[in-house]
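Notes follow once the structure below has been shown.
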Amino acid sequence: MLKSKSVLKVLLLGVLCLVCGVLISFDYDKDPAKDGEELTVQKKMYWSNQHKLTSWYNALGLENPNFFEVRDQFVSYFENRPYVKTEAVKEYKKYIAKNFPNIDANGNYIEPISSEDNLRKKPKAGNKWKQIFLKWNTRQDNSGVGVLRSIRIKPDEPTTVLAGAATAGIWMTENAGEDWSLVSNDVPEVEWVNEIVYSRKDPKVVYAATNIGVIKSVNGGNSWDYTALKKTFPDKFGSLLWVDVSSVSSDLVYATTEEKGAYTLHVSEDGGDSWSEKYKTTNKIWDMRVKPNDPKIVYILEVSEKTKWINFKRSLDGGKTFEVVSEGFPADHNTKAHRARLGTTPANNEVVYIAIGFNGGRDKDMISFFKSSDAGKSFSKNCCGNSEEPLVNAMGTTDFLYDTCHLAQLTWNFAFTVSETDENVLACAANKLKVSTDGGKTWHFDLTGEVTKGRAYDRYPTNDVHTGVHGDHHGLSIVGDHIWDGNDGGAYYSADGGKTIVKDKSDGLGIQELWGFGQSFKNDIMAVGLNHNRICFRDDEVYGGWIGVNGADAMAANVNPIDDQYMYTHPWGHQRVKRSLEGVKGHQFQDLGIELGYITLDNLEFHPHKYYTIYGSDYGDRNKTYLLKKTVDNAQSWQTISSFVDEKKNAVAVKTSFANSDYVYAVVEPNKVIKSTDEGTTWKDVSPPQSLVKDYALWRMAVSDQNPEHVWVTVKGSQNEVKVIGSKDGGNSWFDYSEGLPSYAIYSMIYQRGSNDILYVGTRLGVYYRKKGMKQWELFGEGMQAANTSFMFINYAKGKIRVGTSRGLWENDLVELTAPKANMSADKTEVSDKDPFVRFADYSVVDKEAEYYWEFPGGIPATSTEERPIVSYENASSGKYDVVLTVKDKRGESKQTLKGFVTRKADDSK
């Protein structure tokens, strides 16, 4: 629960929200002159201001807000208001993504236990993990791969580039983006890479500011190690992390960190072996740079203590003390600024640039560029608009904001740099990228003058299949004619100094942050939902790789395991998609009928024998419905089979039993387990005792395919008290099954069918496995990087386990291959004169060279050796008919008989 002072604060903010809503509402409601895009911008700005007054938004600023209370406030707020995605909503999104897997039963965040245990543990089984499907842009447009936060060209070798991801470490290309490789394998805990800098004195020395701290390479970025400025995983620093090194010494390094509301400048004089704290503030530091030829002079951009302006501060003593500069660049100005960036260059050691902006929306956006030619002692405004005003909405043809170059989400995306070889060449990007060759006085989409309008920029062919440069930019680097841009879509490159717009060079980057993932049972048809990007489908035969389908900040992505033409996704809305089998267009969309929830990181559950029968939680668009539902007709209609409306809780996992499909289990937040033995018609509470799970919440679930009463459930959070619990009697009694697991949070679990109860769990750093007879869990495979391992699937025909993570897709061989285990599925089990056909499909544990033998008493044909036979019961009498499937591969043979599986209805017309 929130502390009493926190509750009072939230209540007061709620009252303030209501009052302000009344006072300001006319701004939006009484302006009928606005239409089209202008109305959208006006509406968004109005709701942006409103959201920042809400109790749920202000609760996010508390030290440990209660997850359930914040979620309930958010849901309640939007029940009678339009849902507009503002900066405040995005902050809520980040909060949900971080906290949902790491809360206890009361909704309190579990602080991670920091420990070196298991970081270098050797696996007992499994091969090396392989990152798969890195080629995303090969033949079709997918409109974005993943987020790069930083990018840097090697000064003496401009075809070599290092790129730092938001969740996926550091990648390198040595041939200008034709190929990429992950180079941060030796620092697997590194995910967020906010800044990369080469030493200009010795480019073999490289530093990067990351979520774990500052890391260092001594071979040009090919491999990395930690410096002494380091967190112990899974603890981490905040997101605003800067690092810089002068041209004088490769060992004298400055870095800033963000931690619990404090911003600290650190310095190392021995290449990172030791660090000392030089300066600390509770005001946000938006950027930091060192004078290239004098490491005693340090520049920072720090939010003013007095106003909402961002001050430029200069230190002459190596960061011990700073003075606010007010000559030409205002200090403590009463104009609000959202974000500012710095630029320095060895092309002129005395030059310092400041880019500063305000996101007001369309005609209220403001940006200015200041230049100092005396190492930050004084500045002059080079652009834009009135030189006497610090921020102006100037939209002349050569101003930065001209023609749709807006500043939306400025606190998330704002990239700025100056060329390493020419002090007058600049690049800047928020939503769109522009280049200047005169020190920021004039700005252009490209330097040929052919692309002068935002619409042409959006349609620019950035590779053979992709048009437009992905928005939301974070990192820029310029050396000579080489310009690199890292943004929410990946890596982009101009080889001619901006004469042409940057080209998409993201192919080969494994930086996809998966908020949804599903795959078919055998043939690797896949769907993903990518944070900051779209729902994407993969069918190599039809699409030649991944294609972007729809949405942004896409979430749930399910594939029907048998009829893989059907996808069940959450791009913006919630859709059942019948994908095209002819090409990249022609998909058929319809409303799914249930809402898959807000960053739930879970999947629908498909019936073992009826592939159009599906179980799933109806969360509501922002987790507000609290229903468990079932469809028997491929999402044409749904029925509620359990409700948790009174408790305002969701069913966060649903599992059926391959041992007996009558059995269905569900985990209801925070720590309730329910069971049905009649396919969801009736339910029984079989929750584990509080003495076992303590105050922790439950999440993932698995069921044995030998015994429907044998179940396992994971426990949330980075903690070492209880990780997995199990029951062998359907939940009547429970036991701890955690031995051997590290304290890292568990994100996924899967049962290997046909095995001796082999289980796999995905933690924040590595996959673990356990089977019957083992005394504890063991690390499985090596090389898995730190990630949210949210999704697990097994392709039995290929003997592979797949893990969908916050840094792309990974694959390994199963710990062991087992003898076949037959299992059949069908599109329906009732036939009539009007519809006498049943489409059967193999759903067995069997390899791809398997043989099949079906028996269909009463059907035509009566037998079949096809993998997917179609059988007619047109001539059968009314009644029930058995179906038999025998499968055989090189490891053995298995037979399944389903008694009375097909029901032939009587002819109603007679």
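The values are calculated or read from the model by the stated rules, or taken from the named source; none is laboratory data. Remember, predicted model here, so these are calculated numbers, not experimental data. Glycine gets a Cβ as well: all are built from the backbone with ideal geometry, and neighbour counts include every protein chain shown.
Yes or no: residue 250 under 16 Å from residue 154 (Cβ atoms), over 26 Å from the mean Cα position of the chain (by Cα) and either charged (D, E, K, R) or not in a strand (DSSP E or B) (or both)? So residue 250 fits the description; yes. Filtering 280, 296, 284, 308 for residues that are at pLDDT below 95, surrounded by fewer than 21 Cβ atoms within 10 Å (Cβ to Cβ) and not hydroxyl-bearing (Ser, Thr, Tyr) leaves a single hit, 308. Scanning the range 62-101 for residues being at pLDDT below 90, more than 21 Å from the chain's Cα centre (by Cα), in a loop (DSSP other than H, G, I, E, B) and crowded, with 18+ Cβ neighbours inside 10 Å gives a total of 0. Evaluated against (1) touching a residue at least 24 places away in the same chain (Cβ under 8 Å); (2) over 24 Å from the mean Cα position of the chain (by Cα); (3) assigned to a loop (DSSP other than H, G, I, E, B), residue 585 falls short on exactly one condition, (1). Cβ contacts < 6 Å: first residue within 20 Å of residue 669 (Cβ to Cβ), restricted to the range 69-84; second residue of a type in the set (A, V, I, L, M, F, W, C), any location; separation 6+ or different chain. Result? Close Cβ pairs (under 6 Å, with a partner that is of a type in the set (A, V, I, L, M, F, W, C)) amount to 70/56; 70/59; 73/56; 74/56.
With respect to the conditions (1) in contact with a Lys or Arg (Cβ under 9 Å, 6 or more places away or on another chain); (2) part of a loop (DSSP other than H, G, I, E, B); (3) of a type in the set (D, E, K, R); (4) buried (at least 18 other Cβ atoms within 10 Å of the Cβ), residue 399 falls short on a single one, namely (1). Number of residues in the range 866-906 that are surrounded by fewer than 19 Cβ atoms within 10 Å (Cβ to Cβ) and part of a strand (DSSP E or B) equals 17. Restricting the range 259-276 to residues that are touching a Lys or Arg at 6+ places or on another chain (Cβ under 8 Å) and assigned to a strand (DSSP E or B), which is nearest to residue 199 (Cα to Cα)? The extreme case among them is 267. Listed by position, the strands (runs of 3 or more DSSP E) inside the range 765-858 whose residues that are free of Cβ contacts under 8 Å to residues at least 60 places away in the same chain number at least 2 are 766-770, 791-795, 800-805, 837-842, 851-855. Residues in the range 296-316 that are over 18 Å from residue 328 (Cβ atoms) and in a strand (DSSP E or B): 298, 303, 315.
Only one entry of 765, 759 meets the criterion of being out of contact with any helix residue (DSSP H, G or I) (no Cβ under 7 Å at 6 or more places or on another chain) and at pLDDT 95 or above, and that entry is 759.
Of the strands (runs of 3 or more DSSP E) entirely within the range 417-519, those holding at least 1 residues that are in contact with a Phe, Trp or Tyr (Cβ under 6 Å, 6 or more places away or on another chain), outside the structural domain of residue 569 (by TED's automatic domain parsing) and not aromatic (Phe, Trp, Tyr) occupy 426-429, 433-436, 473-479, 482-487. Kindly list the number of the only condition in (1) more than 30 Å from residue 47 (Cα to Cα); (2) in contact with a Ser or Thr (Cβ under 9 Å, 6 or more places away or on another chain); (3) in a loop (DSSP other than H, G, I, E, B) that fails for residue 385. So the condition that residue 385 fails would be (1). Condition check for residue 498 on (1) under 30 Å from residue 804 (Cβ atoms); (2) buried (at least 19 other Cβ atoms within 10 Å of the Cβ): one failure, at (1).
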